[in-house]
Amino acid sequence: MINDLFELSKLDAHEVKPNLEPFSLSELTQDLLQKFRLRAEVNNISLHISHQNSLPLVNGYIALLDRAISNLVDNAI
């Protein structure tokens, strides 16, 4: 957690430039669903994604977006 805070503070201070790259939101959400599915089921929670499989590619820092969404889902479960 401390490393995450250091990374965020460096991004805030513009000391580190995020590595922007095109990626598929559909694939990212499917990966996250698989990552949390078992843990959610153990807690009697069902996870569903409602989106089109043909979403366009987005340009962003996939690692930070993955981490942010993972933290939100993890806390929700």
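The values are calculated or read from the model by the stated rules, or taken from the named source; none is laboratory data. Nothing here was measured: the structure is a model prediction, and the numbers come from that model. Don't worry about glycine lacking a Cβ; one is built from the backbone with ideal geometry, like all the others, and counts go over all protein chains shown. Remember, those area values only see protein heavy atoms, side chains included, never the ligands or the DNA or RNA. Shrake-Rupley method; radii C 1.70, N 1.55, O 1.52, S 1.80 Å.
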Review point. Sequence-distant or interchain residues sharing an amide H contact under 5 Å with residue 60, placed H: which?
Key: 21, 23
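Please give the per residue accessible area of the chain, computed with a probe of 1.4 Å over protein heavy atoms only, in Å².
Numbers: 6080 Å² over 77 residues.
Normalised by residue count, the accessible surface of the chain is 79 Å².
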Study note, to complete from the structure: Taking the reciprocal of mean 1/r across every pair of different Cα atoms in the chain, the Kirkwood radius in Å is 14.1 Å
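Just how large is the dipole of the chain about the Cα centre, in debye to the nearest 20, putting +1 at every Lys and Arg Cβ and -1 at every Asp and Glu Cβ?
Numbers: 6 positive and 10 negative charges, 30 e Å.
That gives a dipole near 140 debye.
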